[in-house]
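Student: Dropping a structure here in structure tokens format, bear with me for questions.
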Amino acid sequence: MRSVTISELKEPSYEMSEAMNVLRTNVSYSGEGVRLVAITSVDENAGKSIVSFEMMRNYANAGLKTLLIDADLRKSVFSARYGATVDDGLQFTGLADVLSGKGEINDAVYKTNIPNAYLLPVGNYVLNPTPLFSGKIFTAMLDVLKKAFDFIIIDTPPLGRVIDAAIIAPNCNGAIIVVGANEVDYRQVNDAKNQLLRVGANVLGCVLNKVGGENAGYKHYNRYGSEYRY
């Protein structure tokens with residue numbers, strides 16, 4: 001297995017660590033067999049990719065073999081934000097390569113420098129990734145990965161922008177919507193939830209992000225009680 005180094009690896013704050021502990025606990029009580037979770041948001045900049053990464057780190061620190069799949073094939077920020085580089089110096093092979101038949105899953109999953117944490121990056125970008133998530137290769141890939149990992153997190157594009165998350169989520173055991181406090185109203189969150197429910201996704205709840213004292217009135221968004229600021 002190839003490996004990747006995440007150089008921008010800062011220790012999470014106490015508040016974030018506790019929030020992720022609460023989130024992991026609540027996910028564990030959300031139903032038997034919830035091991036594959038899609039993370040999405042209503043709009044951009046809600047912090048869904050940060051929540052996805054911190055979930056991966058939290059589950060890995062708990063001793064679970066955890067995989068983060070970067071499925072935001074249109075606008076991934078992972079490599080730039082965390083300084084991810086392949087240790088062998090070669091180009092990333094990733095999700096887009098596997099789904100388009102140009103790469104093998106064994107070459108696209110990377111061991112990270114976080115114990116128990118693994119990454120399936122975007123790989124080469126494609127102009128129209130939506131059909132890739134509707135094909136048999138995607139579901140077959142998930143079946144293989146579920147046998148290899150204890151927990152899998154899929155970071156998907158915002159629901160308010162493209163349909164990808166609504167295609168991905170029904171293939172998962174559950175979906176979580178990340179909401180930036182004071183950035184969207186409850187109707188937008190409700191529309192996103194209903195969109196996921198219409199396609200048969202199991203909506204576990206919302207994570208309220210970017211919470212400060214001035215946002216106390218928004219806590220009703222958050223089923224997990226796992227709000228945090230960053």
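Student: Are there chymotrypsin sites (Phe, Trp or Tyr not before Pro) in the range 117-190 that DSSP marks as loop and that have at most 15 other Cβ atoms within 10 Å, and which are they?
Tutor: The qualifying sites are TYR125.
Student: Another one. Over the range 127-214, how many pairs of lysines fall under 28 Å by alpha carbon, counting only those 8 or more apart in sequence or from different chains?
Tutor: Lysine pairs meeting both conditions in the range 127-214 amount to 5.
Student: Once Rh for the range 128-207 is found with the Kirkwood sum over Cα pairs, what is the Stokes-Einstein diffusion coefficient at 37 °C and 0.692 mPa s, in µm²/s?
Tutor: Rounded, D is 242 µm²/s.
Student: Further question on the same structure: Calculate the FRET efficiency for ASP107 and ALA62 from the Cβ-Cβ distance with a Förster distance of 30 Å, rounded to the nearest 0.05.
Tutor: That gives a FRET efficiency of 0.60.
Student: Take every DSSP beta bridge with both residues inside the chain and express the antiparallel ones as a percent of the total, to the nearest 5.
Tutor: The antiparallel fraction comes to roughly 15 percent.
Student: As a test, work out the antiparallel percent of DSSP beta bridges whose residues both lie in the range 65-179, rounded to the nearest 5.
Tutor: 20 percent
Student: Let me ask another. Between the range 178-204 and the range 1-78, how many Å separate their Cα centres?
Tutor: So the two Cα centres are separated by 19 Å.
Student: Over the chain, what is the mean sequence separation of C-alpha contacts under 8 Å (at least six apart), divided by residue count, expressed as relative contact order in percent?
Tutor: In percent, rounded to a whole number, it is 29.
FYI, it's all coordinate maths here, none of it is from the lab. If you're wondering where the values come from, they're calculated on a predicted model, not measured in any experiment. Every residue, glycine as well, gets a Cβ built from its backbone with ideal geometry; the counts of neighbours run over all protein chains shown.
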